[in-house]
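Below you'll find the structure, written out as structure tokens, and then a few comments.
The values are calculated or read from the model by the stated rules, or taken from the named source; none is laboratory data. A quick note: this is a predicted structure, and the numbers were derived from the prediction, not measured. FYI the Cβ positions are ideal-geometry reconstructions off the backbone, even for glycines, and counts take in every protein chain you see. Heads up: the accessible areas ignore ligands, DNA and RNA and are worked out on the full protein's heavy atoms, side chains in. Shrake-Rupley method; radii C 1.70, N 1.55, O 1.52, S 1.80 Å.
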There are 2 protein chains.
Amino acid sequence: MPAPILSRRDLEFLLYEWLDVTALCARERFAEHSRETFDAVLDLSADLAAARFRSHNKKSDATEPVMHPDGTVVLIDDIKKALDDFAAAGMIAGQFDEDLGGSQLPVTIARASLAWFQAANAATTSYPFLTIANANLLVEYGTEEQIETYVRPMLAGRYSGTMCLSEPQAGSSLADITTTARPAGDGTYRVTGTKMWISGGDHELTENIVHLVLAKIPGGGPGVEGISLLLVPKYLPGGARNDVALVGLNHKMGNRGTTNTLLNFGEGRYSPTGEPGAVGYLVGREHRGLSYMFHMMNEARIGVGALATALGYTGYLQSVDYARTRTQGRALGPRNPGAAPVALIEHADVKRMLLAQKSYVQGALALVLYCSQLVDEQKTAADPESAARAQLLLEVLTPIAKSWPSQWCLLANSLAIQVHGGYGYTREYDVEQFYRDNRLNPIHEGTHGIQGLDLLGRKVVANDSAGLKLLLGIMAETLDQARARSGEIAGYAKELQAFVDRLGEVTATLWSDGDPALALANSSVYLEAAGHVVIAWIWLEQLLVVGDRRGDFYNGKRIAAQYFFAHELPTVAPRFDLLAGLDRTTLDAHPDWF
Amino acid sequence: MPAPILSRRDLEFLLYEWLDVTALCARERFAEHSRETFDAVLDLSADLAAARFRSHNKKSDATEPVMHPDGTVVLIDDIKKALDDFAAAGMIAGQFDEDLGGSQLPVTIARASLAWFQAANAATTSYPFLTIANANLLVEYGTEEQIETYVRPMLAGRYSGTMCLSEPQAGSSLADITTTARPAGDGTYRVTGTKMWISGGDHELTENIVHLVLAKIPGGGPGVEGISLLLVPKYLPGGARNDVALVGLNHKMGNRGTTNTLLNFGEGRYSPTGEPGAVGYLVGREHRGLSYMFHMMNEARIGVGALATALGYTGYLQSVDYARTRTQGRALGPRNPGAAPVALIEHADVKRMLLAQKSYVQGALALVLYCSQLVDEQKTAADPESAARAQLLLEVLTPIAKSWPSQWCLLANSLAIQVHGGYGYTREYDVEQFYRDNRLNPIHEGTHGIQGLDLLGRKVVANDSAGLKLLLGIMAETLDQARARSGEIAGYAKELQAFVDRLGEVTATLWSDGDPALALANSSVYLEAAGHVVIAWIWLEQLLVVGDRRGDFYNGKRIAAQYFFAHELPTVAPRFDLLAGLDRTTLDAHPDWF
């Protein structure tokens, strides 16, 4: 019997005991929902993920997409079967409006549902993940006609969607994209350029592929200001092939089942108009493309955090399972070679590796669900102040929700390998694949470095540090509650208080000099320090729910929190010291010295 | 033009400016050698590694060994060609006696030479790496006849060697091996059992394969006391096939070009005697096998550290090369979208990732060469006291020399991917392979956890902490010299002094309670803390040589040391705090709580 894909018990703890997601059912949008419908979604997700997604995870890793001589992409059949079942179960449409065929699920529940699939098969789940993000953006900024023509079939699983941002010469630096969109005079545009790293960029899984393409329309400002967003379908309404050509596939160390493509727009190979240029439709207004894309990007970033978490979590469960089954060595104590070997899980160092994983993956999952609930709050709060507050908090937490799981749940996967010993890096077990799949996440959708600049350079300073002040205030509420408790919880509150205070002070110190280059020289260190403080707060939040409850599950929460406060949180102190000292090492290192 | 495989300049700095390896030429064993012969070895290594090893590194990663229906292993031809050239150049025999066909190179130079090959192609280099370790053991403990029959052809490249320790049910726990060796009455033994994870366990690269097998001879004590060491050749003298059968190949995420095998000894398939049982020859005395193997193991562990270092170093050089070439984004400062993009290496966060790598890989290389010089000292010191001192220091440093590079140079490879952005995890670049290859090293030849137990449970406490006292004394000498210098070096000495003092104190505290289970509950944390202190000392040693010298190379050493002292060493403080507090979290975690 294989290890569970995720922990249903932990999800229920987080969703119902901590976040009280059923309270959302009092809101109009979610009035049809209840604990029963939420549970049914989780049941279905667990079953479908096991039966249809986990079942081909190794196979699609071993059988990468290939480009057929006729230019089509060949995938193993299991992927289409899984995705068709996924769509038929209403999983793509879950969080969308009922009048679009959705079931108006809270994003929090949709996120928990998707995590089962991400944990079971990261690569296959990437296709609907991108489709959902694409559809979300069009629902927000597209025209009625665009929604009717493209979103509806995407939600039904007939079409799929992509995000086309990067180009070979411009990855993180979107100001440098050179793809252009020229008005054709009939309200449409002709798109020309090359897009790189496009996941799901070509395949035969769906009838059509809806590309959302960043391009410059002549007359826009310089840099990012000139960027617009164009909808470019692979097939035009009516069925003609649009001028979008697959140039090649990228081969990555992980997520191998996801086609990752280099696409040429408008090279003339498939021109539907007789002249080179892919037919594109403007989304929203000209020159506003980047802001639309960032609306999607923030959700995608939390989604990447969720993916990293799911991979970390499932690896953790497999390593627990292995550690319980595999015997090796003996307990420390009087030398007794005649004694029977003990299970790996009896060794303190193995427990250390399991505790580290548990504290990372359960902390990350809690953060990701917390952020998802902020999305629900932002969209459905009764008053605009609450919605704005949720959005502000979401913005400051997003770089952490993206980067922290990508860093620490990847380390969790490395520890899962370590628990397996030599078996861990063989393909007979699953954990080496999780580790490879997860290595993509610190780069996907904005690198770690980009997240650090976003957090320290924008999110904690914008509007007189409104976002940071809000976060510190919310943490203070938790700390107040924790201080009122007895014993260890009050002790943790005292420990964490010092780090929370320090976070505010260090942020002010970094910006006190007025030199952005110096302030941002160690923004990655800041990101990591802030991330650990946030996760410690998230653990304290969980402990407030755990209280004095006993039993293996609650004891497990307690010991994982103990691990995080004893082994992890204190590592923030030297990072804060470095930041407070305005360390110039990285800034002053001359390129010739390497 | 590809990035260099290793830095010749850094090797020369470490070997000649710091370790003064040429001073060894005054000793009788090395009397034929000089700076010129050492340089010639390094030249040849660099050339051969580039021409014959790097050239098929990707190909052998993509084309794994397969087991042919007739039971033979098929490898790509390039591996045999490379190894034949390696042997023909005298590289296997380098450090061995002249009368065995060797050139009596210092181990330090042989290590530096091998590092070029490890960096160019970890998998192919594993074959001679194991052969050298095997031959070393036989030279020490084998009979004249065994040396003549097996070592001589191994050193010439005609035979290769393996180490057969692990079994499917017994990895780190050698007490539980069940392979047996029964006296056949004619001085030979019949070996029966299954060995797992045997690198180079079968192939057609050489005429013969010499297995060194741990087995229990009836009548030995329980547990590890009953273990003996048997030499079991694939082909017996005279040419008959011995009863060693390849059962299957293991498929790992890295080092794919190295056959990794499951071997059955004595199942009867190839019996040369008419009855099941592989013919084996005792090495040394009965029931002493483990101590012989550990003699080899200590060298192999430093070799694993060297391999991890080489992979980290070559990835570092590739990421520097990429960061210099690839432009992306703009310098921080006044917004100017019209400015040209800058090279990645101009960004502080990219320099952070390069500095981290540099401080890890150059620190690790220095440690590995320092330990290799201790091997030379132990073998050739003029007086027995110096030899014993070198051996004692080597023993205490070995778990660190194995584990520290395996942990931090793997992280260096992850940072090398990160510097490459999305390209980093594609197979178009090399760094993702280094990362996969390097992930094996925290497990190979004793896991991280095993090294922690070895360091804290044996090496720093044995003989009234003689090893630790020696290490602390040697560090004190460095600190004295550093304090006498001006400026930053004296400052670093002050910083490091506190950590060195703490290392001694914390060790005493851990053992003060008399409870080994509690003392060892966080032995991995101890290992990591001690490792960082040792590497900081190694950086200070380098800085003493750098002194006030200027120029890019010395400035590079200075900034990397600055990085290590500012960003890395301070992280040891919370680890020491945890240890000093005798934290019970890992010990008290109940297996049911996961």
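Filtering segment A:426-446 to residues that are modelled with pLDDT of 95 or more, in contact with a helix residue (DSSP H, G or I) (Cβ under 7 Å, 6 or more places away or on another chain) and not β-branched (Val, Ile, Thr) leaves A:429, A:430, A:432, A:433, A:434, A:435, A:437, A:438, A:439, A:440, A:441, A:442. Look at residue B:245 and say whether it is among the small types (Gly, Ala, Ser), over 30 Å from residue B:430 (Cβ atoms), away from chain A (no Cβ under 14 Å) and open to solvent by less than 20 Å² (accessible area, probe 1.4 Å). Against the criterion (among the small types (Gly, Ala, Ser), over 30 Å from residue B:430 (Cβ atoms), away from chain A (no Cβ under 14 Å) and open to solvent by less than 20 Å² (accessible area, probe 1.4 Å)), residue B:245 qualifies. Look at segment A:435-461: where a residue is more than 10 Å from every other protein chain (Cβ to nearest Cβ) and over 17 Å from residue B:353 (Cβ atoms) and a partner is in a helix (DSSP H, G or I) and of a type in the set (D, E, K, R), sitting 6+ places away or on another chain with Cβ atoms under 7 Å, you get A:445/A:301; A:445/A:402; A:459/A:395.
Among the numbered conditions (1) open to solvent by less than 60 Å² (accessible area, probe 1.4 Å); (2) in a helix (DSSP H, G or I); (3) within 26 Å of residue B:248 (Cα to Cα), the only one that residue B:71 does not meet is (2).
State whether the residues of segment A:282-295 include one that is open to solvent by less than 40 Å² (accessible area, probe 1.4 Å), over 27 Å from the mean Cα position of the chain (by Cα) and of a type in the set (Ser, Thr, Tyr). No, segment A:282-295 contains no residue that is open to solvent by less than 40 Å² (accessible area, probe 1.4 Å), over 27 Å from the mean Cα position of the chain (by Cα) and of a type in the set (Ser, Thr, Tyr).
Evaluating residue A:514 against the criteria (1) in a helix (DSSP H, G or I); (2) open to solvent by 30 Å² or more (accessible area, probe 1.4 Å) leaves one unmet condition, (1).
Say we look at segment B:576-594 and pick out the residues that are over 15 Å from residue A:561 (Cβ atoms) and small (Gly, Ala, Ser); which of these is farthest from the other protein chains (Cβ to nearest Cβ)? Top of the filtered list is B:580. Sort out which residues of segment B:251-271 are within 14 Å of chain A (Cβ to nearest Cβ) and surrounded by 18 or more Cβ atoms within 10 Å (Cβ to Cβ), and write them in order of number. B:252, B:253, B:254, B:255, B:256, B:258, B:259, B:260, B:261, B:262, listed by residue number. Report yes if residue B:274 is part of a loop (DSSP other than H, G, I, E, B), free of Cβ contacts under 8 Å to residues at least 12 places away in the same chain, more than 10 Å from every other protein chain (Cβ to nearest Cβ) and more than 20 Å from residue B:167 (Cα to Cα), otherwise no. So residue B:274 passes the test.
There is no residue in segment A:180-196 that is outside the structural domain of residue A:72 (by TED's automatic domain parsing), in a loop (DSSP other than H, G, I, E, B), open to solvent by less than 40 Å² (accessible area, probe 1.4 Å) and touching a Ser or Thr at 6+ places or on another chain (Cβ under 6 Å). For segment B:110-136, the set of residues classified as closer than 16 Å to residue B:99 by Cβ and open to solvent by less than 10 Å² (accessible area, probe 1.4 Å) consists of B:135 only. Counting the residues of segment B:260-285 that are farther than 10 Å from residue B:244 by Cα and modelled with pLDDT of 95 or more gives 9.
Tell me which residues, restricted to segment A:169-179, are within 14 Å of chain B (Cβ to nearest Cβ) and either free of Cβ contacts under 8 Å to residues at least 24 places away in the same chain or open to solvent by less than 40 Å² (accessible area, probe 1.4 Å) (or both).
A:169, A:170, A:171, A:173, A:174, A:175, A:176, A:177
When restricted to residues that are within 27 Å of residue B:368 (Cα to Cα) and open to solvent by less than 10 Å² (accessible area, probe 1.4 Å), segment B:420-432 contains 2. Restricted to segment B:137-159, and to residues that are touching a His at 6+ places or on another chain (Cβ under 8 Å) and open to solvent by 10 Å² or more (accessible area, probe 1.4 Å), which residue is farthest from the other protein chains (Cβ to nearest Cβ)? Here the answer is B:140. Check B:118, B:104 and return the single one that is of a type in the set (S, T, N, Q), in contact (Cβ under 8 Å) with a residue 24 or more places away in the chain and either part of a loop (DSSP other than H, G, I, E, B) or not assigned by TED's automatic domain parsing to the domain that holds residue B:18 (or both). When all the criteria are applied, what remains is B:104.
Among the residues of segment A:507-543, those identified as more than 13 Å from chain B (Cβ to nearest Cβ) and in contact with a Lys or Arg (Cβ under 9 Å, 6 or more places away or on another chain) are A:533, A:539, A:542, A:543. For segment B:320-361, a tally of residues being polar (S, T, N, Q) and away from chain A (no Cβ under 11 Å) returns 1.
Conditions (1) surrounded by 24 or more Cβ atoms within 10 Å (Cβ to Cβ); (2) in contact with a Cys (Cβ under 7 Å, 6 or more places away or on another chain); (3) over 17 Å from residue B:528 (Cα atoms), marked per residue:
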site: B:331; (1), (2), (3): no, no, yes
site: B:351; (1), (2), (3): yes, no, yes
site: B:359; (1), (2), (3): yes, no, no
site: B:385; (1), (2), (3): no, no, yes
site: B:391; (1), (2), (3): no, no, yes
site: B:409; (1), (2), (3): yes, no, no
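If the condition is being under 19 Å from residue A:585 (Cβ atoms) and either facing chain A (nearest Cβ under 8 Å) or of a type in the set (A, V, I, L, M) (or both), then segment B:559-575 contributes B:559, B:560, B:561, B:562, B:563, B:566, B:567, B:569, B:570, B:571, B:572, B:573. Evaluation of residue B:548 against the conditions (1) open to solvent by less than 20 Å² (accessible area, probe 1.4 Å); (2) more than 25 Å from the chain's Cα centre (by Cα) shows that the sole unmet condition is (1).
Taking the conditions exactly as written (part of a helix (DSSP H, G or I) and more than 8 Å from chain B (Cβ to nearest Cβ)), does residue A:554 satisfy them or not? Yes: the conditions hold for residue A:554. Only one entry in B:530, B:498, B:536 is of a type outside the set (Ser, Thr, Tyr), assigned to a helix (DSSP H, G or I), at pLDDT 95 or above and surrounded by fewer than 18 Cβ atoms within 10 Å (Cβ to Cβ), namely B:498. In the set (1) over 26 Å from residue A:391 (Cα atoms); (2) surrounded by fewer than 17 Cβ atoms within 10 Å (Cβ to Cβ), residue A:504 fails one condition alone, (1).
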